[in-house]
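Encoded as structure tokens, the structure appears first; notes follow it.
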Amino acid sequence: RTISIGQSSRDRMMKSEFSSLYRAIAIAVFLVFVVMAAQFESVKFSIMVMTTIPFSLVGSFGLLKLTGVSISMTSLLGFLILVGTVVNNGILYVDTVNQLRVEMPLDEALVEAGAIRVRPICMTTLTTIIAMIPNCLAFGKAGKMMQGLALVNVGGLVAATILTLVLLPSFYRVVYNMGKGKEDEYDKLDCD
């Protein structure tokens, strides 16, 4: 006789739902990337905006760990929502830098874009976080169900906002300088 551990139908269904959500998150990231590439007409600028997603994961997983809430179906839905909302800060910043670069040097454009966009970025982030706070503090069975979604979004938005305002200017400069060296080589070849 052999004894084996079998999966219940509930476990199979849960595993199937989790894999569907992971697929949906991957598709959402891809679609956001495609929309950014179309908007900026450049892959490098869309990659810059997409860096806000890993920034947000730091805060999401950190807040889930601090509060002791485990990853559930609703917290995965929170990650799906977060992918769409967190790139807004990067879009605002990168688009402003691109507009300002026409009339000023890169360093000035990076600083000026931060000064111009810090208030709108903080205001949109704050309104979303304030709207999520009741779900973060919710009690009871129904409240606990939505708590994971709210914690993922609050933690992700806080971390992404701070890291976007601090790290995105440096990342912009690195990516800009990588492309600039190649453009300079092409200019020299054209002159010769």
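Using 1/(1 + (r/R0)^6) with R0 = 30 angstrom and r between the beta carbons of Ala24 and Val174, what's the FRET efficiency to the nearest 0.05?
After rounding to 0.05, the efficiency reads 0.45.
Summary of the geometry: region 148-164 and region 58-100, compared by the centres of their Cα atoms, lie 5 Å apart.
Shown in residue order for region 110-126 are the 3J(HN,Hα) couplings computed by the Karplus curve 6.51 cos²θ - 1.76 cosθ + 1.60 at θ = phi - 60°: 5, 5, 5, 5, x, 5, 6, 9, 4, 5, x, 5, 5, 5, 5, 5, 4 Hz (x for Gly and Pro). Note on the chain: with a GNM built from Cα contacts shorter than 10 Å, the maximum mean-square fluctuation among Met104, Met48, Met132 falls on Met104. Between the beta carbons of Glu17 and Ser42, assuming R0 = 41 Å, the FRET efficiency works out to 0.65 to the nearest 0.05.
Accessible area per residue for the chain, computed on protein heavy atoms with a 1.4 Å probe, is 61 Å². Once the C-beta distance of Arg10 and Cys122 is scaled by a Förster radius of 30 Å, the resulting FRET efficiency is 0.10 to the nearest 0.05.
The values are calculated or read from the model by the stated rules, or taken from the named source; none is laboratory data. Everything numeric here is computed off the predicted structure, so don't read it as measured data. Backbone-built Cβ (ideal geometry, glycine too); neighbour counts: all protein chains shown. Protein only, heavy atoms only, side chains kept; ligands, DNA and RNA dropped before computing areas. Shrake-Rupley method; radii C 1.70, N 1.55, O 1.52, S 1.80 Å.
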